[in-house]
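Input: a single structure, listed below in structure tokens.
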Amino acid sequence: MTTGVRRRMGVEERRQQLIGVALELFARRSPDEVSIDEIASAAGISRPLVYHYFPGKLSLYEAALKRAAEDLASRFEEPHQGSLGGRLLRVMRRFFDFVDEHGPGFSALMRGGPAVGSSTTNALIDSVRQVAYEQILSHLRVTDPPARLELLIRSWISLVESTALIWLDGRRIPRAELEIQLVHDFAALAAVSAAYDEEMTALLRRMLRDEPHDGPFTDLAARLITLAS
């Protein structure tokens, strides 16, 4: 008969384990409701040992927030293949996968959680928004965006955030409907901007030219035509 010997983790390995444990707990409940004792118990170590790796709950929360922010930012990465509408729809599905899996943690990320107002939290949230902004610009093949395009993209990113937060409060609208609606919202915002700006008009025409007959933007056009008839 052999007996197992628990392997002692290195410092960085233990830190990463604690971050992972914290993220799992934050995915089920708000970080405000999760105690250091719970994190220690889930990790199989003592409370004082948690403080050996992190000075306090805030520092552990910020480390977990950083990992979550990196994960969320990666959801906006999409190969430059197919129409823009199709790409945005795939991004929205991955984005809502994250929201669905990390509900309370996502809310804490967007609202600041126990680190509300801290420079670290604000920087992490802004980094996710900036990645999303730059990814969309790259898909539009624009390097020097005009003012109206920047306004359009940043407004849409804010709309995506607020929609996800509202959806989490009861999930009263089917998720799949929201994903396609947000892609339609992007096209609608682009159309409104095009009504005021020639550069945006050219950009919108390029977006629509590459859209297939069964694409999200074509679907929106068909819905609007039906409303007007």
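The table below gives the values:
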item	result
Trypsin sites (Lys or Arg not before Pro) lying in DSSP loop within the range 154-229, provided at most 13 other Cβ fall within 10 Å	ARG171, ARG172
Cα long-axis angle, helix 147-168 against the chain (0 to 90 degrees, to the nearest 10)	50 degrees
Most mobile of HIS139, HIS213, HIS184 in a GNM of the chain (Cα contacts under 10 Å)	HIS213
Of SER162, LEU124, HIS80, farthest towards positive along the dipole that unit charges on Lys, Arg, Asp, Glu beta carbons give the chain	LEU124
Heavy-atom accessible area order for ASP37, ASP144, ASP97, largest first, 1.4 Å probe	ASP144, ASP37, ASP97
222 nm mean residue ellipticity, helices alone, for the chain (DSSP H n ≥ 4; -39,500 (n - 2.57); rounded to 500)	-24000 deg cm²/dmol
Gyration tensor verdict on the range 29-78 (Cα atoms; rounded if a/c is under 1.5, prolate if a/b is larger than b/c, oblate otherwise)	prolate
Gyration tensor verdict on the range 156-229 (Cα atoms; rounded if a/c is under 1.5, prolate if a/b is larger than b/c, oblate otherwise)	prolate
The chain, Cα convex hull volume normalised per residue, Å³	178 Å³
Size of electric dipole in the chain: Cβ of Lys, Arg +1 and of Asp, Glu -1, about Cα centre, debye, nearest 20	660 debye
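The values are calculated or read from the model by the stated rules, or taken from the named source; none is laboratory data. Note that the structure is predicted; figures quoted are calculated from it, not measured. Heads up, the Cβs are rebuilt from the backbone with ideal geometry, glycines too, and the neighbour counts pull from every protein chain shown. Quick note on the areas: whole protein, heavy atoms, side chains included, nothing else; ligands and nucleic acids left out. Shrake-Rupley method; radii C 1.70, N 1.55, O 1.52, S 1.80 Å.
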